[in-house]
Amino acid sequence: MKKVLLEMEDQKNSYEQKAKESLQKVLEEKMSAEQQLQSTQRSLALAEQKCEEWRTQYETLKEDWRTLGTQHRELESQLHVLQSKLQGADSRDVQMNQALRLLENEHQELQAKIECLQGDRDLCSSNTQDLQDQLKRSEEEKLTLVAKVQEMQSLLQHQSLQLQEQEKFLTKKGQQIYDHTF
């Protein structure tokens, strides 16, 4: 009986030891699981924080993109206006050159008439004087018109240079916006 009791006592101690070990193992697994849970919760919190940062950055970039798009459209519009002005200036320059050629042709014609009339001067001295007066007025008009044409050409060249500078600036600005965007 004692022997049985001792065996039972040994079995009881063995079971208790195994139960303690199992309990210890379960406790360790529980602690490990709790640590993993805390680690996962921290990772989740960090991921949510990162997600919020990315969302904020996305909204900021989206707003910047809208602003850049608006600026780009405005710059394109300004560029078209400047190109139109430049074309208008070129057209006026062509017209002024045509007017100058017409005046030069008229001057040559008048000069030819004067030469012709000078040959007949003895016969028509009064007519010659009138023609000379007319030539003088024409030359004065020509000089005035030439001065005006030169002034207009100078102005057109100045405007053309300004338009080219503005066009370069707008092109550069549009490229900067484009580069910034991408």
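The values are calculated or read from the model by the stated rules, or taken from the named source; none is laboratory data. In this text, all values refer to a predicted model and were calculated from it rather than measured experimentally. Using ideal geometry, Cβ is built from the backbone for each residue, glycine included, and neighbour counts are taken over all protein chains shown. To get the accessible areas, we keep the full protein, side chains included, count just its heavy atoms, and leave off ligands, DNA and RNA. Shrake-Rupley method; radii C 1.70, N 1.55, O 1.52, S 1.80 Å.
Mean sequence separation of contacting Cα pairs (under 8 Å, at least six apart), scaled by the length of the chain, corresponds to a relative contact order of 34 percent. The candidates E109, E167, arranged from most to least accessible area with a 1.4 Å probe in the full protein assembly, appear as E109, E167.
Enter the Cα centre distance for the pair the range 155-182 and the range 8-66, rounded to the nearest angstrom. Their Cα centres are 60 Å away from one another. Please give every one of the lysines within straight-line cross-link reach of K172, meaning a C-alpha to C-alpha distance under 28 Å, and leave out same-chain neighbours fewer than 8 residues apart. Cα-Cα hits under 28 Å: K62, K85. Given the choices (1) 10, 34, 25, 16, 10, 4, 1, 0; (2) 8, 14, 11, 10, 9, 8, 7, 6, 5, 5, 4, 4, 3, 2, 2, 1, 1, 0; (3) 9, 37, 35, 15, 4, 0, P(r) over Cα pairs in 10 Å bins from 0, in percent derived from the coordinates of this structure is entry (2). Straight-distance candidates among the lysines for linking to K12, with alpha-carbon spacing under 29 Å and chain neighbours fewer than 8 residues away dropped: K2, K3, K20, K25, K30. Excluding ligands, DNA and RNA, the accessible surface per residue across the range 36-168 is 79 Å² with a 1.4 Å probe. Between the residues Q132, Q71, Q162, the greatest Cα displacement towards the positive end of the dipole of the range 45-182, with unit charges on the Cβ of Lys, Arg, Asp and Glu, is found for Q71. To put it simply, the accessible area of the chain at a 1.4 Å probe is 53 percent carbon and sulfur.
Helix 125-181 axis versus longest C-alpha principal axis of the chain: approximately 0°, rounded to the nearest ten.
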